[in-house]
Amino acid sequence: MPPVGDAPVFSVGTTTEQPSLSDQVKRFKPRKFKEKQETLLGKDKEFNAAKESLSLKCIKVIVENFDRNPSTEGIPAKEIREITSRLPIDLDPKKAAVFIHDESYWKRACIQSLSPSACQIIEHGLTWKQLFFEHHLQTRLESFKEDDDIEELLEEIEKYQDYIFCLRFRQMPGHVEVDRVCERLPNLTKIDLQYGINKIGMDFDRRLFGMKISDASCLAKSVKDSENLTSCVLTGNLMDDDLLRMLMTGLYKSSTITHLDVSHNKITNHGVRLLAKLLGARSVLTSLAMADNQIHAEGGRYLGRALRSNDSLSSLSLRLNRLTDEGGRMLLEGMRDNSSVTRLNLSGNSLGSESVSALSVVLRSPESPLAVLDLSSNSLTSQDASVLASTLERNEALVSCDLRMNSTDEGCEEVAKVEQLLHRNELKSRA
């Protein structure tokens, strides 16, 4: 039937009230959307400023003047996020710490200014802002020189003090008074300090390395006065017994330190005697590491005595020392009455059959909590491995024992039996 007048032309469905799908498509008129404005400054060269919204104009003005006037008071949260996304990462840290709280900004600052290995947020309270300022303070301390203004540094620290939970540095050419820094960090829970010089090249000078008496005195004061400090790591500082004695004046009076690491220093038996006093009846220390020092058999005796009455220490590391078989025996004899140590590292101490005999007595006790043991790089024989295997048949607590680099025969059956028994204990512990 031909069309009449201006009546629309339908292809199919003219006998019904609804036109066909093809007719609907023909009559469809696409909507015209406004051109989306570019969100990044300087990207859209053809953007018409006359069509720019007032809010976007204000955002641009705030960004351009943020360094001089960083206030964001009264600005809605949505606009604040837009402002921080446009801000450069080289702002004055003292101002940025106070006025910028958006984590996306601090994530961008960390990724662009730090190496990928340094951007481990899990080690910095799972916040990018804390990660940024802990690394920033480390850089400031490592580059601080003796003739720099300490008051200016302390004034800067006060601006971002709430975001520092761990104080760390790997060199300290200016030997800053650490106690003055720590007293401005109310949330400090860990210190990891190493007094050395990075990339010294041909200008080597032995006096530039290691901790001084003044450094030890400042650290002792920091440890004594801190209310939240729980971890103290002082590895590789050439610390001898005299420096340790100075440091102990603060450690004795601390009731919060639970982890102490003084590995890779020059501590001898006299220093161990001082450290053993931290394991008294009022001890709160749970982890003690003294690896790679100059501890001999007498030091093992001091520690063995302290462990008899200690019920707080759970981890002890004495690897790479000089205990010898006699020192290992005296240490392990002291562990017979200990009910707290679960991890013990005695690798690289020239232990032998006497130490194994004392260890077997410890492991035969049904109340022995020892679960992880490292006896690698000693002088144990196949006969010693056989003694351990027979002992482990009645022990279900020990799940790991490293016997590598000893004097056992190649393919020793006793070592294989020890591994089988340890595997049995591990499966039982997981059941």
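Report, in whole Å, the centroid distance computed from the Cα atoms of region 200-274 and region 326-389. After rounding, the separation between the Cα centres reads 29 Å. The label-point distance for residue 277 and residue 309, in a model that sets each label 7 Å from Cα toward Cβ, rounds to 1.4 nm.
How much length would be gained if the chain were fully extended between residue 259 and residue 212, taking 0.36 nm per residue of separation minus their Cα-Cα distance, in nm to one decimal? Don't jump to the answer; show the numbers that get you there.
Details: separation 47, 0.36 × 47 = 16.92 nm, distance 2.25 nm.
Taking residue 259 through residue 212 to full extension adds about 14.7 nm, to one decimal.
Only protein heavy atoms count here; under a 1.4 Å probe, residue 75 has an accessible surface of about 40 Å². Note on the chain: with a GNM built from Cα contacts shorter than 10 Å, the maximum mean-square fluctuation among 93, 76, 366 falls on 76. Between residue 175 and residue 420, the contour length at 0.36 nm per residue exceeds the Cα-Cα span by 82.9 nm. Which net charge results when you count Lys and Arg as +1 and Asp and Glu as -1 among the other residues whose beta-carbon is under 12 Å from that of residue 192? Within the 12 Å Cβ shell, the charges total 0.
Length gained on full extension, residue 428 to residue 94: 114.8 nm, using 0.36 nm per residue less the C-alpha separation. Estimated from helices alone, the mean residue ellipticity of the chain at 222 nm is -12000 deg cm²/dmol (sum of -39500 (n - 2.57) over DSSP H runs with n ≥ 4, per residue).
Could you tell me which of rounded, prolate or oblate describes the chain, using a ≥ b ≥ c as the square roots of the eigenvalues of the alpha-carbon gyration tensor, with rounded for a/c under 1.5 and, failing that, prolate when a/b is larger than b/c and oblate otherwise? Oblate, since a/c reaches 1.5 and b/c is not below a/b.
For a straight C-alpha distance cut-off of 15 angstrom, the aspartates and glutamates reachable from residue 159 (same-chain residues fewer than eight places away being disregarded) are 92, 134, 151, 183. Along the Cα-to-C-beta direction of residue 407, a point sits 7 Å from the Cα; which residues of region 309-334 have their amide N less than 15 Å from that point? Answer for region 309-334: 324-326. Sorting 128, 106 on solvent-accessible area from highest to lowest, probe radius 1.4 Å, gives 128, 106.
All other residues whose Cβ lies under 12 angstrom from that of residue 384 are scored, Lys and Arg at +1 and Asp and Glu at -1, for a net of -4. Can you list the residues of region 323-350 with backbone N under 19 Å from a point 7 Å past the Cα of residue 383, pointing along Cα to Cβ? Inside the label zone: 325-329, 350. Loop-located GluC sites (Glu not before Pro) in region 292-396 (DSSP state not H, G, I, E or B) with no more than 12 neighbouring Cβ atoms inside 10 Å: 367, 393. With R₀ set to 25 Å, the beta-carbon distance separating residue 339 from residue 361 gives a calculated FRET efficiency near 0.95. Calculated accessible area for the chain comes out at 56 Å² per residue, all protein chains present (probe 1.4 Å; ligands, DNA, RNA ignored). For the chain, take the longest principal axis of its alpha carbons; what is the angle in degrees between that and the long axis of helix 353-364, to the nearest 10 within 0 to 90? Compared with the principal axis, the helix lies near 60 degrees.
The values are calculated or read from the model by the stated rules, or taken from the named source; none is laboratory data. Given the structure is predicted, the values throughout are model-derived calculations rather than measurements. When we count neighbours, we look across all protein chains shown, and the Cβ atoms used for this are built from the backbone with ideal geometry, even at glycine. Note: areas computed on protein heavy atoms with side chains; ligands, DNA, RNA excluded. Shrake-Rupley method; radii C 1.70, N 1.55, O 1.52, S 1.80 Å.
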